[in-house]
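I have placed the structure first, in the form of structure tokens, so that the comments after it can refer back to it.
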Amino acid sequence: MILKNDDGKIKVLLHNEIINLIPHRYPFLLIDKITDINLGKSATGIKSVTFNEPFFQGHFPSYPVMPGVLILESMAQTAACLVGYGDKSLSKDKLVFFTGIEKAKFRKPVVPGCILNLKINIVTNKRSLYKFAGEAYIEDNLVASSDFSAMLVDQEKAS
């Protein structure tokens, strides 16, 4: 069931709540809000892609395209928020690291002015290892997809 506020509206996580869940900060925070949270199951991240993104200066100046790896990173940040929101204690002393990326496909370029809808589903969860399925849409058009896995690691053991 999708989380709702006391007033019955769909729960939306904005910047201040997101940065309390994951350690990413500008310029590497690649999601603007999280919506459609179904704890332990799925969530949707939103990324408004603007011309001011720092990666557009070099990728590519005459035809700016969001790098595919950053679309995948946006998916991963959405997944980390989903996991962290379900267990807020995780965001205090754990980091989430990619452990695998499979079946990544990039179907259409993502350019300034696009709004990415990042739909993430938890496929499996065994202890600290998670597997996810992610899809990125612009309006109703699928622009990227991937299966990926991540592991929760104690911050002090990460170095």
Considering residues that are among the small types (Gly, Ala, Ser) and in a loop (DSSP other than H, G, I, E, B), the number found within the stretch 1-48 is 2
Here the residues within the stretch 51-62 that are free of Cβ contacts under 8 Å to residues at least 40 places away in the same chain and not polar (S, T, N, Q) are 54, 55, 58, 59, 60, 61
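Quick grid of which residues meet (1) touching a Gly at 6+ places or on another chain (Cβ under 8 Å); (2) at positive phi; (3) of a type in the set (Val, Ile, Thr):
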{"residue": "68", "(1), (2), (3)": "no, no, no"}
{"residue": "83", "(1), (2), (3)": "no, no, yes"}
{"residue": "88", "(1), (2), (3)": "no, no, no"}
{"residue": "98", "(1), (2), (3)": "no, no, no"}
{"residue": "108", "(1), (2), (3)": "no, no, no"}
{"residue": "111", "(1), (2), (3)": "no, no, yes"}
{"residue": "122", "(1), (2), (3)": "yes, no, yes"}
{"residue": "127", "(1), (2), (3)": "no, yes, no"}
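Here's the yes/no breakdown for (1) without any contact (Cβ under 8 Å) to a residue 60 or more places away in the chain; (2) surrounded by fewer than 18 Cβ atoms within 10 Å (Cβ to Cβ):
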position	(1), (2)
2	yes, yes
20	no, yes
23	no, yes
26	yes, yes
29	yes, yes
37	yes, no
43	no, no
49	no, no
Being more than 19 Å from residue 104 (Cα to Cα) and surrounded by 13 or more Cβ atoms within 10 Å (Cβ to Cβ) is the filter; apply it to the stretch 129-159 and report the residue that is modelled with the highest pLDDT.
129
Picking from 122, 115, which residue would you name as being closer than 20 Å to residue 149 by Cβ, among the β-branched types (Val, Ile, Thr) and touching a residue at least 40 places away in the same chain (Cβ under 8 Å)?
122
Hey, residue 119 hits all of (1) under 20 Å from residue 3 (Cβ atoms); (2) at pLDDT 95 or above; (3) in contact with a helix residue (DSSP H, G or I) (Cβ under 7 Å, 6 or more places away or on another chain); (4) not aromatic (Phe, Trp, Tyr) but one; which does it fall short on?
(3)
The stretch 64-94, residues that are more than 14 Å from the chain's Cα centre (by Cα) and in contact (Cβ under 8 Å) with a residue 12 or more places away in the chain:
64, 65, 66, 67, 86, 88, 90, 91, 93, 94
If you check residue 75 against the conditions, is it in a helix (DSSP H, G or I), in contact with a strand residue (DSSP E or B) (Cβ under 8 Å, 6 or more places away or on another chain), of a type outside the set (Gly, Ala, Ser) and surrounded by 15 or more Cβ atoms within 10 Å (Cβ to Cβ)?
yes
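The values are calculated or read from the model by the stated rules, or taken from the named source; none is laboratory data. Nothing here was measured: the structure is a model prediction, and the numbers come from that model. Here the Cβ is made from the backbone with ideal geometry for all residues, glycine too, and neighbour counts use every protein chain on show.
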